[in-house]
Each structure stands twice: as structure tokens, then as C-alpha cells.
Amino acid sequence: MQNVPLTKNQSDRIVFNIEDTSLTEGSVMDVLQSTPGVLIMNDQITVKNSSNIIYLINNKRVYLTGLDLQQLLSGTNATYVQSVEVITNPPAKYDAEGAAVINITMSKNLIVGYNGSVYTTYTQGMYPRVKVGTSQFYKTDKLSLFANYSYGERKKNRINTSEINFIEDDEVVGQWIDKIDRNTESRSHDVNANIDYAINDANILSFSSNVSITPYWNRLANMTTEAIDSSFTSKNIINDSKTNAAFNLDYVNTSENGNTFSVNLHHTNYDYERDQDMSSKYYDVDDVFTRENMFNSTSLQDTYIYSAQADYNMTLKENIVFSFGTKVSQIDSKSNVDQFYFDVDRFIIDDLNSGIFNYKETNYAAYVNASKTWESWSFSAGLRGEYTDAEGDVSSIYELNKFDYFKLFPTVNIAHDFNEHHSLGLSYGKRIERPTYSDLNPFKYYFNDYTYLQGNPNLNPTISHLTTLSYTLNGSYTFEAYYRYEMDPTSELLFQDNATNQVIYLPTNLDKAVDYGFDFMTYQTITDIWSVYVINSIFHQKAYFNAIQSGNSTETNQTWSMYTNVMNFFSFTEDRSLSGEISILYMSPMISGSSDISSRAQIDLGLKKSFNNGKWVASLKLNDIFKTTNFTEKNKYLNQDNTYHNKYDNQYFRLGLRYNFGNTKLSTNEKEQKELNERNRLRSEDDNN
């Protein structure tokens with residue numbers, strides 16, 4: 001029985017086995033936070049400094065972005081997670097979108113019978129959070145069923161303070177000091193189910209569904225802005241509701257010689273609604289009330305995704321594996337915004353900030369991949385082609401934006417074992433990142449009267465090239481050097497308009513970005529009860545961006561950075577019923593587009609104790625013990641000068657309790673949430689707040 005995680009390095013991936021460790025008593029997000037090669041800070045997930053990641057569960061996509069992704073990963077219990085694969089150079093069979101792939105493998109139910117569990121967690125940060133749920137499993141010779149339901153209530157706080165210097169002719173002519181104190185409350189229901197039916201030994205039919213319902217999501221933000229000769233206060237109230245439902249039908253045929261043919265049909269239905277009420281009160285230099293401004297808005301988004309995929313995998317003689325497949329997907333996203341401003345005694349429609357944005361996209365893809373192994377060599381190469389036809393139609397002052405393109409995406413992996421002590425690997429991959437639907441939506445979301453987020457319907461997709469050279473010593477010490485070049489990378493840049501005193505968050509294509517670095521990884525068993533994983537990365541980032549509010553000149557931002565992550569895993573008792581982990585993370589100052597980000601650190605502790613032969617399991621998690629994850633973001637170039645201090649509600653403790661019943665020797669056949677690549681780009685406006 002395993003008591004500590006096990007790590008295995010392969011030529012194109014890291015496999016992190018956590019079955020029967022204390023990590024399984026948290027959420028999937030907690031597991032990823034301890035996974036080698038994955039870096040998470042303030043809910044931002046990156047692999048090799050890229051957040052363009054494909055997520056899979058049992059090789060099936062489960063992808064969203066922003067708050068929807070956070071809710072999915074934080075709300076999914078990790079009890080039945082077996083391992084996590086971090087694939088840094090995904091083969092051609094994966095969609096070209098995604099600089100990396102994270103595949104979460106669930107343990108399989110191999111024995112006929114029934115089991116289940118009920119669980120609850122209580123989390124105390126600045127405010128309490130609770131979650132309850134149950135999982136049910138049933139298997140016969142031909143039929144395998146899984147169902148899970150969870151309900152969660154949470155409230156989190158976030159505080160931002162900022163200083164903005166408005167510049168004219170190289171002189172500071174005004175200064176604003178802002179403070180935003182926001183509390184976010186939500187209630188959510190998550191249901192997922194899977195049915196596998198074995199028609200015979202060679203044919204399996206599966207149906208899976210995942211439904212996430214958030215009937216209540218409320219954010220209250222109180223803002224205060226102090227200027228040199230005046231001030232104003234704002235109250236921003238937001239109420240959201242959304243339903244995200246995904247359905248999959250799968251068929252798999254396995255021939256007598258082990259070749260497989262599979263078909264997947266997928267549909268996603270995403271409905272989102274937002275109501276916003278904003279009011280601002282203005283005061284003069286003597287703190288005397290002068291005027292009030294009010295407006296409200298209603299936003300609706302309906303997105304439908306349909307896709308079909310077929311794959312064939314065969315093994316030829318001399319250890320040659322050959323695979324090919326095709327896929328077609330269609331996306332139809334409709335967004336509607338109605339904004340009203342208050343004038344004298346009534347609200348009047350704001351035509352400039354109201355309208356309809358319709359986005360349609362069709363994507364056709366085909367791939368071929370081949371691999372071969374020798375005694376000391378392994379080689380794989382693939383080629384994927386994708387044709388995209390899309391248009392964005394805005395019922396306002398914007399013109400119809402139509403585009404289509406065809407791209408080829410090659411991948412290569414070569415590995416050689418010189419002997420049992422030394423091995424070398426080389427990989428190359430080309431990837432794409434398409435703009436999210438909300439990033440393309442040109443309508444404005446206001447934080448207050450002078451600060452707003454606006455989409456950009458003219459965004460181009462990002463093309464990236466990643467080359468990695470790796471060397472492994474004694475199977476335990478891995479050294480990597482990598483180089484990434486990105487064309488048209490998308491970044492949400494912050495601009496201040498010194499003429500109007502407005503602050504604008506705008507998704508923008510950078511000219512290019514170059515990132516290269518050196519990684520060191522090792523996993524060691526120190527004693528019978530203690531093992532440790534260490535990763536250290538030193539890298540250089542350089543971004544070329546257009547200074548839109550400063551003459552549109554091309555500027556650069558660059559720095560050398562590093563991060564170190566040390567994870568300690570313990571098994572304290574002979575029967576392995578008590579285990580735990582301590583993780584230590586440090587990140588030096590970094591950059592993000594035009595912004596400079598200050599250093600951060602985080603120390604976490606987790607414990608797990610099982611009772612009564614595993615019938616009862618209790619857990620404890622202490623997160624960000626010393627409250628060191630807050631950071632500062634600064635933009636200072638030409639006539640731009642602004643600084644933001646971010647304080648997150650990351651310090652908390654969590655208590656968990658799970659009761660297992662039925663035949664507890666069984667393990668789940670869970671195949672959760674088989675959403676496809678396009679779901680990565682479903683993101684509602686609240687992701688950017």
C-alpha cells in the first residue's frame with residue numbers, strides 16, 4: 001500500500017502517482033498544487049511559464065477557464081485520483097490548442113459490487129466555506145455505473161489598492177489612490193455521472209455527463225478613490241447565475257490484436273446571466289458631496305458546442321505504433337449587453353455600450369502519429385492539421401470580423417538511454433492558443449466610472465514553438481533546458497489614458513515573446529517515512545508590446561526570474577494510516593506582458609488519518625500559513641505609471657471527514673466530464689474581475 005507520492009519522468013511527461021496519500025483528501029486543485037511541473041499561485045495555473053493548458057480526466061477533456069475552471073477543480077474531490085500526468089510536449093492526437101496537457105487519471109473499478117462514500121469539508125479563511133457530497137459506484141459483469149453530487153457554499157474576500165500617476169509632458173499632473181474591497185459569495189451544485197456498458201469483450205459503449213449549476217453568485221465591491229482635489233466612492237453589485245452542461249457518447253472497439261477504434265460525440269450547453277448595479281458619489285476638496293452617477297446593465301451569454309471525433313490506433317511489427325484520427329467541432333456563442341444610465345429621474349438605454357455579439361467558429365482537424373522503440377532508443381513524431389473558419393458579428397459601431405486559416409502542428413520526441421545511469425531527450429512542438437469568447441467581445445465591463453475592462457474583436461491566435469533538451473542522471477536527477485518563441489501572444493494589458501483619467505484593461509496581442517530557461521528536478525526517498533520532491537527553475541522572459549496609450553511604439557519588458565518548490569511527504573505510522581505533506585514555494589519577481597510582478601512565497605501543511613480499516617478518513621489542510629502570497633503589480637514606461645497591490649484570501653485551514661460504505665475494497669471507474677478542447681475558451685466576464 002502506497003503512503004507517499006511516486007514520481008516518474010518520461011521523455012515528454014511527468015507522471016505523479018498519489019493514490020492512497022494525504023493528497024487525495026483535498027480537491028483536484030490541491031493535488032495540482034503539489035504536482036511536479038505545475039505551478040499554482042493565487043489560482044493561476046502554469047506549466048513552464050504558460051497558462052495555455054489542456055485538462056483531461058482519464059484522457060477526456062474537462063476544460064474551462066477562469067473562475068469556471070477554478071470552480072471545477074476546487075469542487076471536484078480528489079479521493080479517487082490515482083495519478084496526474086504533466087505532458088509538456090503533447091503528441092499530435094491532442095488538440096493543437098494547449099502548450100501543455102494535464103491528464104488526471106482516476107482509479108478503475110475492477111471488481112463486481114457496490115460501494116459509496118459521503119464527505120464534507122469545512123474551510124475557514126476570512127469567511128467560512130462548506131462543501132458536502134456523495135459518490136456512488138455499482139458494477140456488474142457488463143454494466144458499470146458512477147454518480148457524484150456535491151453542494152458548496154463559499155465566501156471569499158479580495159482587496160486591491162493602487163496608485164496611479166497621470167503624466168503630461170513628462171510631468172505628474174494628477175494622482176489617484178484607489179482601494180477596492182470586494183466580497184464574493186456563491187452557491188453551486190455539481191453533478192457528474194458515467195455509464196459503461198460492455199456489449200461484448202471487444203465493444204464498449206459509454207455515456208457521461210457533467211452538470212454544474214451556480215444559481216447564486218454575488219459580488220459586492222466598495223471602492224474609494226482619492227484625487228488631489230476631489231474624491232469619489234463607488235459601490236458595484238453583481239449578481240450572476242450560470243448553467244454548464246456537457247454530454248458525451250463514446251464507443252470503443254478493441255480488435256484481437258489490440259488495435260483500437262474509438263468515436264466520441266460531444267455537446268456543451270453553457271448559459272450565463274449577469275446583472276450589475278453601479279453607483280458613484282463625488283466629493284470636492286472639502287469633502288462636500290457634489291453629485292451622484294448611477295448605471296446598471298444586464299449581460300446574457302449562450303454558448304453551444306458540438307463535436308465529433310474518431311481515432312484509430314494500431315501496433316505494427318518491430319514495436320511500431322501508428323495512429324491517426326479526425327475531428328470536427330462547431331461553436332455558436334451569443335452575447336447580449338443592455339446598459340442603462342440614470343438621467344434626472346429615470347434610466348435611459350446607453351446605445352454606445354449596449355448591443356449583441358455573435359461568434360461562430362468551425363474547426364476541422366486531422367492527425368497522424370508514429371512511434372518506435374529500440375533497446376536504448378525511442379522516437380515519436382506526429383503532424384496535426386487544423387482549419388478554422390470563424391466570424392464575430394457585433395450589432396454596433398464595429399464591423400463584422402471574419403477570418404479563416406489553416407495551420408500545421410508538428411511534434412517530435414527523441415530519447416536515448418546510454419546506460420542505466422544516463423539518458424538524454426530532445427523534443428519539439430508547435431502549438432496554438434485561440435482567443436477566448438469574452439476576450440473577443442468588444443463591450444465594456446465597468447469596475448467604476450473610470451475603470452473598465454473591454455474585449456478586443458481583432459485578436460489573433462497565438463502560435464508558439466517549444467524546444468526542450470533534457471538529461472536524466474540515475475533516473476532521479478533531471479536537468480532541462482528549454483526555449484519558447486511566441487508570435488502574437490495575448491495578454492491583458494493595463495493602460496491609463498492621461499487625457500481622460502481612465503484606466504483600461506484590454507486583451508491585446510503582443511508583438512512577440514521569448515522565454516528560455518533551465519530546470520532541475522529530483523525526487524528522493526530520504527528515510528522510510530520521508531520523501532521529498534524538489535524543482536528549481538531559472539528562466540528569462542522578454543515581451544515585445546505596443547504602447548497603445550503612448551504613441552503606439554513597440555516597447556520591451558524583460559527579466560531573469562526563478563522559482564523553487566520543495567514538497568515533503570511523510571508516513572508516520574507503521575500501518576500507514578497517518579500521512580502528511582509540507583510544501584514550500586518561492587517565486588522571485590517576474591513579468592507579465594508590460595507588468596512587473598513582485599516576489600511571492602507560500603508554505604502549506606496537510607495531514608490525513610484513517611480509522612476503522614479505512615471506513616473513516618479525517619484530514620487537515622493549512623494553506624499559506626504565513627500569508628505571503630500577496631503581490632504587487634507595476635506598469636512604468638513612457639507616460640504609464642501605475643502600481644497595484646493585491647491581497648488575496650489565501651490563508652485558511654480546512655477540516656475534512658469522509659465515510660466509506662459498501663464494499664470499500666472497490667475502486668471507482670469514474671470517467672468525469674468529457675468536455676472537449678473548445679470548452680477551454682468558455683469564459684464569462686467575472687473571470688476578469
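The values are calculated or read from the model by the stated rules, or taken from the named source; none is laboratory data. What you are looking at is a predicted structure, and each value in this text was computed from that prediction instead of being measured. Reconstructed Cβ throughout: ideal geometry from the backbone, glycine too, with neighbour counts over all protein chains shown. Note: accessible area is taken over every heavy atom of the protein model, side chains too, but ligands, DNA and RNA are not part of it. Shrake-Rupley method; radii C 1.70, N 1.55, O 1.52, S 1.80 Å.
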(request) Take the Cα pairs of the range 426-566, get the Kirkwood Rh, then feed it into Stokes-Einstein at 4 °C and 1.567 mPa s and tell me D in µm²/s. (result) 72 µm²/s
(request) Starting at the first residue of the range 355-361, write each ³J(HN,Hα) from the Karplus equation 6.51 cos²θ - 1.76 cosθ + 1.60 with θ = phi - 60°, in whole Hz, x for Gly and Pro. (result) x, 10, 10, 10, 10, 10, 8
(message) Above 15 Å lies some portion of the pair distances; for the range 339-423, what is it as a whole percent of all C-alpha pairs?
(response) 75 percent
(request) Please work out the ratio of the alpha-carbon Rg of the range 88-179 to 2.2 N^0.38 Å and round it to two decimals. (result) 2.08
(request) For n ≥ 4 DSSP H runs only, could you compute -39500 (n - 2.57) per run for the chain, divide by its residues and tell me the 222 nm figure to the nearest 500? (result) -500 deg cm²/dmol
(request) Just reorder Thr225, Thr298, Thr554 by solvent-accessible area, largest first, 1.4 Å probe, all chains present. (result) Thr554, Thr298, Thr225
(request) Please grab the % of Cα pairs in the range 520-619 that end up more than 22 Å from each other. (result) 54 percent
(request) Apply the Debye scattering formula to the range 285-349, with a single equal point scatterer on each alpha-carbon and no solvent, then give log10 I(q)/I(0) at q = 0.13 Å⁻¹. (result) -0.69
(message) I'd like the Karplus ³J(HN,Hα) series for the range 498-510: coefficients 6.51, -1.76, 1.60, θ = phi - 60°, whole numbers in Hz, and an x wherever there's a Gly or Pro.
(response) 5, 7, 10, 6, 9, 10, 10, 9, 9, x, 9, 7, 5
(message) Explain nothing, just the number: relative contact order of the range 80-219, from Cα pairs under 8 Å at least 6 residues apart, as a whole percent.
(response) 16 percent
(message) I need the shape label for the range 278-320. Rule: rounded when a/c is under 1.5, else prolate if a/b > b/c, else oblate, with a, b, c from the alpha carbon gyration tensor.
(response) oblate
(message) Report D for the range 14-169 in µm² per second (integer): Stokes-Einstein, Kirkwood Rh on Cα pairs, 10 °C, 1.306 mPa s.
(response) 89 µm²/s
(message) So if I place +1 on the C-beta of Lys and Arg and -1 on the C-beta of Asp and Glu, and nothing else carries charge, what would the dipole magnitude of the chain be about its Cα centre? I want it in debye, nearest 20.
(response) 2500 debye
(message) At R0 = 56 Å, how high is the FRET efficiency between Trp377 and Glu163 if r is their beta carbon distance? Nearest 0.05 is fine.
(response) 0.45
(request) Would you kindly calculate the mean projected area, averaged across all directions, of the convex hull enclosing the Cα atoms of the range 412-453, in square nanometres? (result) 6.3 nm²
(request) Find the relative contact order for the range 436-558 and round it to a whole percent, using C-alpha pairs within less than 8 Å whose residues are 6+ positions apart. (result) 20 percent
(message) Below 20 Å, Cα to Cα, which lysines can Lys407 reach? Residues fewer than 8 away in the same chain don't count.
(response) Lys93, Lys327, Lys360, Lys430, Lys512
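Please identify the longest segment of the chain free of exposed GluC sites (Glu not before Pro), where exposed means a DSSP state other than H, G, I, E or B and no more than 12 other Cβ atoms within 10 Å.
Numbers: sites that count: Glu256, Glu318, Glu375, Glu399, Glu420, Glu574.
In short, 1-255.
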(request) State which stretch of the chain is the longest one without any exposed chymotrypsin sites (Phe, Trp or Tyr not before Pro), exposure meaning a DSSP loop state and at most 14 other Cβ atoms within 10 Å. (result) 1-373
(message) Explain nothing, just compute: Karplus ³J(HN,Hα) = 6.51 cos²θ - 1.76 cosθ + 1.60, θ = phi - 60°, for every residue of the range 186-191 in order, whole Hz, x for Gly and Pro.
(response) 8, 10, 9, 10, 10, 10
(request) Report the dimensions of the range 264-392 along its three principal axes from the alpha-carbon atoms, largest first, rounded to Å. (result) 84, 33, 20
(message) What are the extents of the Cα atoms of the range 189-327 along their three principal axes, in Å, largest first?
(response) 86, 33, 19
(request) Output the pairs from Lys48/Lys444; Lys60/Lys317; Lys156/Lys235 with a Cα-Cα distance over 25 Å in this structure; if there are none, say none. (result) Lys48/Lys444; Lys60/Lys317
(request) Largest first and to the nearest Å, give the Cα extent of the range 387-503 along each principal axis. (result) 65, 35, 18
(request) Could you tell me the accessible area of Leu400 in Å² (1.4 Å probe, neighbours in place), rounded to the nearest ten? (result) 90 Å²
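What is the diffusion coefficient of the chain in µm²/s, taking the Kirkwood radius over Cα pairs and the Stokes-Einstein relation at 4 °C with a viscosity of 1.567 mPa s?
For the chosen part, D equals 48 µm²/s.
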(message) Give the average over all directions of the projected area of the C-alpha convex hull of the range 499-574, one decimal, in nm².
(response) 8.8 nm²
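Over the range 505-569, what is the relative contact order in percent, taking alpha-carbon pairs closer than 8 angstrom and at least six residues apart?
Relative contact order, the range 505-569: 34 percent.
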(request) Hand me the trypsin sites (Lys or Arg not before Pro) from the range 291-333 located in a DSSP loop with no more than 10 other Cβ atoms within 10 Å, in residue order please. (result) Lys317
